[in-house]
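All remarks here apply to the structure that follows.
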Amino acid sequence: MGVVKRLLKSVVLASMGFAGAAYAEYGLNLPEPVSPVTKEIYDLHMLTALVATIIMVIITAVIIYAVVKFRKSAGYEADQNFHMTWFGKWAWILVPVLVLGIDLSIAGKATRTFDLVEDTTTPDITLKVTGSQWKWTYDYMNEDIRLVANLNRDIGVDSDIYLRDTDVEVILPVNQRIRFLHTATDVLHAWWVPALAYKKDSIPGYINETWAIIEKEGVYRGQCAENCGTGHAFMPIVIRAVSEDKYASWVADQQAEKAKAAADAASDKDWTLDELMAKGEKVYAANCAACHQANGEGMPAAGFPALKASQIATKDMVAHLDIVIHGSKKNPVMAAWGNALNDLDLAAVITYERNAWGNNTGESVQPTAVKAAR
């Protein structure tokens, strides 16, 4: 019996040590939740893990006890009539009842969590999130603001946020109910920020919905959680939660910039090549680089041709305008950008493509030419 006690003590101490190490290393657990629904999910996760750990310890202890106590070398002989004993008869009822009781201890909380996940209370802010290979487009539905977020390729491999940073942060306020509408333009994606929003697939032609109330200011990171192709690893998500006052100020600044951009696009000004190149580089980085690459070499294997030294970007200007504005019938992955970008943005990005990476055509496109080609 002394051997059994020492073995049981070792198992308990080992289990406690393992649990303490896991508790100390939060990198092995879900991140700290900052929204009511993610807090419920986190608590359910921890409850399930606790129940599973307790069951593991008990079952392991019983097995070790049985192996030591009833081992053949100690002279024990198997009981051929065990099934006739009281436990042998009633175990068929007691064990399922015990298992059902454990399941129900989790099911009650799980039901409440699922009800909270599907809560459709009227939101304060609606953010449409569109996944594309390989970037995220964010439309603030009430504020008429659009952001396009791509991987920040300036972050080196030695950084803690390598492949986890974007060139544009999504700004959201704390203490307001935010509804996320999820869809996609090409294949399945999944927008997931574990600290503040649960995961649902982004499906082309379909809208899924999640929600959050961010309770703490800070930066929260996530990633596309659906294997969406060769660029799957390059679709990070960065949310910056700010105070309501800072959010209102940011919205005002974004709307002022949009109004200025609309005024510039509507003007009859003739833009210089340098002005168009500077603006076109930004438009290209936000909308085109994910497919055609920052160096213009594209990803031919994935259906995204190179623009560097290509016929479309160095020869026929009319064909270049047509494919950017109206898309490609031969290659459906080339989307039509006529409705997504204004005349100035289109003129700038086409000018950039015709003069970057050594293309050097010296040709510029004015917004009036884009307007005529629509």
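The values are calculated or read from the model by the stated rules, or taken from the named source; none is laboratory data. All values reported here derive from a predicted model rather than from experimental measurement. With ideal geometry, Cβ positions are generated from the backbone for all residues, glycine too; neighbour counts draw on all protein chains shown.
Out of (1) touching a residue at least 12 places away in the same chain (Cβ under 8 Å); (2) surrounded by fewer than 19 Cβ atoms within 10 Å (Cβ to Cβ), the odd one out for Asn150 is which?
Of (1) touching a residue at least 12 places away in the same chain (Cβ under 8 Å); (2) surrounded by fewer than 19 Cβ atoms within 10 Å (Cβ to Cβ), only one is false for Asn150: (2).
Considering the stretch 175-212 alone, what residues qualify as being under 17 Å from Ser35 (Cα atoms) and aromatic (Phe, Trp, Tyr)?
Within the stretch 175-212, Phe180, Trp191, Trp192, Tyr198, Trp211 qualify.
Hand me the list of helices (runs of 4 or more DSSP H) wholly inside the stretch 278-374 holding 2 or more residues that are touching a helix residue (DSSP H, G or I) at 6+ places or on another chain (Cβ under 6 Å).
Working: elements: 289-292, 311-314, 317-326, 343-353, 367-373.
Here the list reads 311-314, 317-326, 343-353, 367-373.
Taking the stretch 177-196 as the region of interest, how many residues are in contact with a Pro (Cβ under 8 Å, 6 or more places away or on another chain) and of a type outside the set (A, V, I, L, M)?
Residues that pass the stated criteria total 6.
Return the residues of the stretch 314-364 that are in contact (Cβ under 8 Å) with a residue 40 or more places away in the chain, farther than 22 Å from Leu147 by Cβ and of a type in the set (Ser, Thr, Tyr); say none if nothing qualifies.
Of everything in the stretch 314-364, those that are in contact (Cβ under 8 Å) with a residue 40 or more places away in the chain, farther than 22 Å from Leu147 by Cβ and of a type in the set (Ser, Thr, Tyr) turn out to be Thr314, Thr351, Thr361, Ser364.
Return the residue satisfying two criteria in turn: it lies in the stretch 322-352 and is under 17 Å from Ala285 (Cα atoms) and either among the acidic types (Asp, Glu) or at pLDDT below 80 (or both), and of such residues it is surrounded by the fewest Cβ atoms within 10 Å (Cβ to Cβ).
Restricting to residues being under 17 Å from Ala285 (Cα atoms) and either among the acidic types (Asp, Glu) or at pLDDT below 80 (or both), the top hit is Ala335.
Could you figure out which of (1) out of contact with any Leu (no Cβ under 9 Å at 6 or more places or on another chain); (2) closer than 22 Å to Thr126 by Cβ isn't true of Thr272?
(2)
Among the residues of the stretch 86-145, how many are surrounded by 14 or more Cβ atoms within 10 Å (Cβ to Cβ) and among the hydroxyl-bearing types (Ser, Thr, Tyr)?
Residues flagged as surrounded by 14 or more Cβ atoms within 10 Å (Cβ to Cβ) and among the hydroxyl-bearing types (Ser, Thr, Tyr) within the stretch 86-145 amount to 7.
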